[in-house]
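The structure appears below as structure tokens.
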């Protein structure tokens, strides 16, 4: 009888395809007592299913119901934590299990190091590296790869290289990790030397190197490497195509961008949303907003990134009035296509949308409309204006001759109106908000504020933002040096280094 129950339970485990199936299996295991017995055939396999279908909290609760968890079960939960939004808990869980007598193996440490890398936890990662050595698994290839990835992700490229050089055996993951590490710290010459020395390359390596050139504001080298890849018979994947098309956009190489587009049309019947959006951006940046619009109109289901690409294409690189009309169509389409009972599913404008809209108003000198949109940001959509929005409004006011008001809006920018740190697109938008004017007005205001209150960090940040918007990087450096000499410390959560990284590539716009 017990044997038939066990066989039935195993059949259930093999047939699990959804969360509903999993709950039914769990009920069966609880009723039959199979979850509590020391039988890895049930508990381990069920726990793995939980990690695939449930959140980490549920997986952790199930683990605690297992009376005799083995190494595989513990490793499963560590991996689940590492892949969750609370990766630090993987380390906490690991040390809790050690107190219970857990004996780790080589499979324990790859997800553990990945968890530390995810949040840049140097101390925890080095502590776990000590555990690697203590448990004698420091020579295992997968563990060494995880260590290279960890140190590279934390910017400790010297330690990553030390682990890499000490490996008796290396695979493509090892090489990709060390190349990516040098790319992340901006040492592209060394990264390229390692890339060229790779005995075997896959698409990940090509994409890493091309991304490095793209992010270092060198789209020409990125495209040269892309051409080399194609000549070697590699077609690339969606990531490769997005990198190549973005490089064409940043360097205004429409001929090459059209060539890539042509290949896509031949190879794919339908382009996915990400690639279509990248093409919209490329054609807009090259001054062909009408082609971008054709691509935009063919997209059946549009998200806010897609709408922003086309709105910004018009507002910044094309006809601003067309951009404002498209924004109006965007708002109208939301009302027409969605009933009142589906408000939560609406695609709403975001802060990037309003940078485009305010840029368009500034270019056209539409003061009334600009004021309305600026007010609607917070009143209608709950969007807190950032420096970029205030900068656009100051330009608009100055363009229509309201210099005093332009001065006041820059003087009164809230101290917490920082640029977001997650999107390189902001660099292009902020750079495009110059409208051909110099920055003397903003510079004078910021310097006057610094003279009045020389210890105020936010006044220096305003000046750095203004210089960054104009691509005046020498002045950015000098302002930072001025702060250093005066002992001005940054406010927690705001870094001038991060700010420069945000707007690094705008000088090419």
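Things to note:
- Calculated FRET efficiency, residue 71 to residue 457, Cβ-Cβ distance, R0 = 41 Å: about 0.20 to the nearest 0.05.
- Remark: the residue 103-residue 267 segment gains 54.0 nm on full extension, using 0.36 nm per residue and subtracting the alpha carbon distance.
- For the range 302-381, the extents of the C-alpha atoms along the principal axes are 38, 24, 18 Å, listed from largest to smallest.
- Scoring 123-129, 75-81 by mean Cβ neighbours within 10 Å over their residues and listing the highest first yields 75-81, 123-129.
- Prolate/oblate/rounded label for the range 201-296 (Cα gyration tensor, a/c 1.5): oblate
- Pairwise FRET efficiency - residue 325 versus residue 400, Cβ, R0 = 30 Å, nearest 0.05: 0.90
- Each label was represented as a point 7 Å from its Cα along the Cα-to-Cβ direction; for residue 332 and residue 86 these points are 4.9 nm apart.
- On the beta carbon distance between residue 259 and residue 141, with R0 = 30 Å, the FRET formula returns roughly 0.15.
- A crude spin-label estimate for the pair residue 197 and residue 216, with each label 7 Å from Cα along the Cβ direction, gives 1.6 nm.
- Label point of residue 169 set 7 angstrom out along Cα-Cβ; within the range 65-102, no amide nitrogen lies under 13 Å from it.
- Three-way shape call for the range 85-227 based on the alpha-carbon gyration tensor, with the a/c threshold at 1.5: prolate
- Residue 448 paired with residue 189, simple spin-label distance in nm, labels 7 Å along Cα-to-beta-carbon: 4.6 nm
Read-outs throughout are calculated quantities, based only on the coordinates presented, and are distinct from any laboratory measurement. Just so you know, these numbers come straight off a predicted model, no measurement behind them. Heads up, the Cβs are rebuilt from the backbone with ideal geometry, glycines too, and the neighbour counts pull from every protein chain shown.
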